Structures are given as structure tokens and as C-alpha cells.
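Asks: For reference, the structure I am asking about is given below.
Just so it is clear, none of the values below were taken in a lab; they were calculated from the coordinates. Here the structure is a predicted model, which is why all the values come from computation and not from measurement. Don't worry about glycine lacking a Cβ; one is built from the backbone with ideal geometry, like all the others, and counts go over all protein chains shown.
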Amino acid sequence: MHTTSSVLWTLLVLLLFSMAEMRRAGRGKGLKGARHGLARDRSGPARFMAPNCTESVQSRDVFLDCQERGLISIPSSNGWSQEPKHLLLARNRIRILRDGAFTGFEGLNSLDLQQNQISVVEEGAFQGLWRLKTLLLQHNKLGTVSEEALIPMPNLRYLRLYDNPWNCVCSLESLVQTLQVPSNRHLANHARCTEPLRLKGKKLKQVDPDFLCQESDPGPQGDQTDPSESVELSGLRSKPDATTSCHAYLFPEPRLDCSRRGLTQVPSGIPDDIVHMDLSHNSIRQLRARDFHEARSLRTLNLKNNDLDHMEKASLSGLLHLHELDLSDNDLHFVQYGVLEDLYFLSLLKLGGNPWVCNYSIHYMMYWLRLHPGVRQSGLLCRSPVEHTGERVEKYVDSYYRECPKEKQRSLEEETEQTDPELWESLLEVQGGHEEELEPGHLRGPQKYQIIRLS
């Protein structure tokens, strides 16, 4: 009996001791706090589970989507059924990337951290990410980053740093030198200096690294930008830049979101790998020639709900791979001849909500659609004149030709018949019963040989 009491007493002491240890590890928060402490010990910086993140598999790659979750730090790598290849952390509230922030995510191929509030990246933040190929840090609050932060990522191929307030001083020298290495041609192509004033707007790729550590001199010798370049840059600034005006996403496919940005024209500098572009709900009035000449990979283009009333002939040139085009809810009366000629693979064309005028100018649209029967169009209805309001444009065009006066047809035939036969004889020469088309007489050069037919 005495022995049994001793055993029970010993077990009770051990139990109390264990509870005290767990309470101490959890900082007074019980079992939940203990787990938090264990996670912290295992991963270095503070980490937590993010139960709201979602897993998905595309092309056999595992995506971990933690976008727009209000996160203030990197979630734990534990708790996922498979090792993620792509980690999406865009549009959260992360401010600092501390050393070892991505421990447990060593298998990542891509990391999306855009549109956070990141202002500090410690040198060991990306430690272990040796497989990483794509890193998105645009639209944050970075003023400086050391070259040391990039060393753990030897396979990095795409780095986006634009729309950050880069302070181009001596502390940025090592990063600028790294970015300017020829083999790093896809790293931070659009990032620009915000400070100091003498370098504002200058691309990091173009800044002289040696110049960054010189004492600032407000005089002419301290200004690295020549006047001609300033004029050129000011001219370019008149048109918005896609990298700063829009938000770019790489997953699941490269997409550029320029919707609701108050744009009055198509921005320049569209990345050439963008597949989907959304320009809806802006105030764009015209599409100009070569507006999309850089966007040759586009498959969908959304221009819905603008003030579009004119499209120049070459405005869509080069969009050979475009599959879907949305022009609905604009102010288009017609589309001039030639605008759609490059859209060989178009399959969907949305045209509703435009004041289409049913006169001869609308015929090109129907002509093009009939030549491309694989294109599904919607919303092509007459708004004016009144007698055709609400009528399908296709029906209007058919009735136009059906009711074409026979007098006009006869007049065309008479004009053809009244052509001077001598004019045709001057263009044709009969040789052996065969007709050969020659140039008009006044364009012919001197003849070296003359053929005379002897009967």
C-alpha cells in the first residue's frame, strides 16, 4: 500500500512539472502557446499556421495561395499535404523579411511577395531557396537591399523590383552592380531610383555604380543624366508606364491588371510575356497604332467600359495569338477597315453596349466576321438610324444588298462596257493565241528585242 502511494505521488509530481514546463514554453498561453514556442524554436523567426491558405495543383506543381489573408509574417511550412513549388503571398501586410523567413520552403520555384508593405529584407531572409527561379517584390516600400540577400538564390532568373522607393546611394551599390551583370538581364529591368533628386527616374540598370558613393553635388558635374535623356524621359512620362500603373501577376498565367486606374490611354512598357490584360473601367478614348506592339503573347484583352470611340488601323497589329477581345460598353460607331486583320486566332469578340451606326461604314465588321466563321461575337446591334434600332447588324447588311436598286447595278455594268477598247489593246499583246499582261506604255522601259511574227 505504501509502495502504491509512493508511485502515485511520483506520477503526480511529474505531471505537475510537465504542465509547468508547457506553461513556461507557451508564455502562459497553455498548450496553444507551447506549440507556438515549438514552431518558433524550429524555424527561427516567429511562424504561424495559416489555415485560410489554399492548396492547388496545376501541371503537377503544387501552389500554396495565401494572397489577401491579412498576414503580417510568413506562414509555417508545416501542415500542407505536399511540398509547395509556388508560394503566393501577394496583397498582405508583411513589413519585414527576417533571416530564415522561408525555412521549410526549400523546394520553391517561385515566390510572390508583391503589394505588401515590405521595407526591410535581412541578408539571410532567402536562405535555403537555391531552387528559386522567380521572385516578385514589386509594389512594396523597399529603399535598399543588399546583394547578400540574393546570394542564396543562384538559379534566380526573374526578379521584379519596380514601384519601390529605391534610394540610390552608396548602400545600394552592391545590388546595382549585381543587376548590371549581363547574365542577369531579366533581373529588375524596370526598377527606378526615387532618391536622390539628381537620379530620380533613372533605372537601376543604367546607374553608374561608382557614382552612387560619390558625395552629392547639386552642380552640373554631379548630375549623371544628360539633357537629351531628360527630354526623352519627360516625353515618355507623358504616357503611363504599365509596370508602375498596373499590377502584374505570374500565376496561374502572366496577367496584367490595369483596371480602374483612371487611364486615358494604353500604358507603355507592357511586359512581352503577359498573356491576359485587363484595361476595363478606365477612360481610354482611342487605340493608337502600335499600342500593343510589345504585347505579342496576349491571348485575352479586356477593354470593357472605357470611352473608346476610335481605333486606328494598326492599333491591334501584332496580336497574332489573341483569342478573346472585349470591346463592350464603349462609344464605338463602327470599326474602320483593316483594324482586325491581324487577329487570326480570335475566337470570342464582345461588342455589346456600343452605339453601332448601321450605314455603309459597318459593313467591314460583317465582312470580317463572315470571313472568320470561327469567331463567336455578341452584342452587334444597330443603335441608329431609328428605323434600324435594335436590329442585328447582320440582318441590316443582308437587307442592304437585297434591296440594292437594280438601276445602280445596271449603271455599274454600263460603265464597264463603256471602257475604251483601245486602252485594253494597249495593255495586251496577242501572241500565238495567248494573252500576256504587260505594263502600261508610259511605264515600260526600252525594249532590247522586238519579236515579229511571220505567217
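Asks: Let's test the formula: R0 of 35 Å, r as the Cβ-Cβ distance of SER119 and ARG296. What FRET efficiency results, to the nearest 0.05?
Replies: Approximately 0.45, to the nearest 0.05.
Asks: May I ask for the net charge around GLU394, where only other residues with Cβ less than 14 Å from the Cβ of GLU394 are counted and Lys, Arg are +1 while Asp, Glu are -1?
Replies: +3
Asks: Now, a different point. For region 318-335, just list the computed ³J(HN,Hα) in residue order, Karplus coefficients 6.51, -1.76 and 1.60, θ = phi - 60°, integers in Hz, with x standing in for Gly and Pro.
Replies: x, 7, 5, 9, 5, 9, 10, 9, 10, 10, 6, 6, 10, 10, 7, 9, 6, 10
Asks: While we're looking at this one, here's another question. List the relative contact order of region 259-410 as a percent without decimals, with contacts defined as Cα pairs under 8 Å and 6+ residues apart.
Replies: 15
Asks: Work out the FRET efficiency for TYR400 and ASN155 from their Cβ-Cβ distance, taking R0 = 45 Å, and round it to the nearest 0.05.
Replies: Approximately 0.15, to the nearest 0.05.
Asks: Further question on the same structure: What ranking of TYR249, TYR158, TYR360 emerges when the number of other C-beta atoms within 10 Å of each C-beta is taken as an exposure proxy, fewest first?
Replies: TYR360, TYR158, TYR249
Asks: Further, regarding this structure: Residue by residue through region 241-251, which ³J(HN,Hα) values in whole Hz follow from phi under the Karplus form 6.51 cos²θ - 1.76 cosθ + 1.60 (θ = phi - 60°), with glycine and proline marked x?
Replies: Result, ordered by residue: 9, 4, 6, 9, 7, 10, 10, 9, 10, 9, 10 Hz.
Asks: Assuming a ≥ b ≥ c are the square roots of the Cα gyration tensor eigenvalues, decide whether region 233-297 counts as rounded (a/c under 1.5), prolate (otherwise, with a/b larger than b/c) or oblate.
Replies: prolate
Asks: Can you run phi through the Karplus equation (6.51, -1.76, 1.60; θ = phi - 60°) for region 126-141 and list ³J(HN,Hα) in whole Hz, with x for Gly and Pro?
Replies: Karplus values, whole Hz, x for Gly and Pro: 9, 4, x, 8, 6, 8, 4, 10, 10, 10, 10, 10, 5, 6, 10, 10.
Asks: As a footprinting exposure proxy, order SER328, SER378, SER183 by other Cβ within 10 Å, with the fewest listed first.
Replies: Going from least to most buried by this count: SER183, SER378, SER328.
Asks: Which of the three applies to region 86-136, rounded, prolate or oblate, going by the alpha-carbon gyration tensor with a ≥ b ≥ c and a/c under 1.5 meaning rounded?
Replies: Taking the square roots of the gyration eigenvalues as a ≥ b ≥ c, region 86-136 is oblate.
Asks: Separate question: Where the only charges are on Cβ atoms (+1 Lys, Arg; -1 Asp, Glu), what is the dipole of region 242-407 about its Cα centre, to the nearest 20 debye?
Replies: Roughly 100 debye for region 242-407.
Asks: Which of TRP80, TRP368, TRP130 comes first, and how do the rest follow, when ranked by fewest Cβ neighbours within 10 Å?
Replies: Lowest count first: TRP130, TRP80, TRP368.
Asks: Spin-label point model (7 Å from Cα, Cβ direction): what's the GLN336 to VAL181 distance in nm?
Replies: My value for the distance between the label points is 5.0 nm.
Asks: Test of understanding: what is the full-extension gain from LYS133 to GLN214, defined as 0.36 nm times their sequence separation minus their Cα-Cα distance?
Replies: 25.8 nm
Asks: Let me ask you something else. If a/c stays under 1.5 just call it rounded; otherwise compare a/b with b/c (prolate if a/b is bigger, oblate if not). Do that for region 318-360, with a ≥ b ≥ c from the square roots of the Cα gyration tensor eigenvalues.
Replies: oblate
Asks: At what distance in nm do the modelled label points of ASP257 and ALA289 sit from each other, each positioned 7 Å from its Cα along Cα→Cβ?
Replies: 3.5
Asks: Mind checking the full-extension length gain between SER171 and GLU55? Use 0.36 nm per residue of separation minus the Cα-Cα distance, one decimal, nm.
Replies: 37.9 nm
Asks: Run the quick spin-label model on TYR364 and LEU348: label points 7 Å from Cα toward the beta carbon, then report their separation in nm to one decimal.
Replies: That separation, rounded to one decimal, is 2.6 nm.
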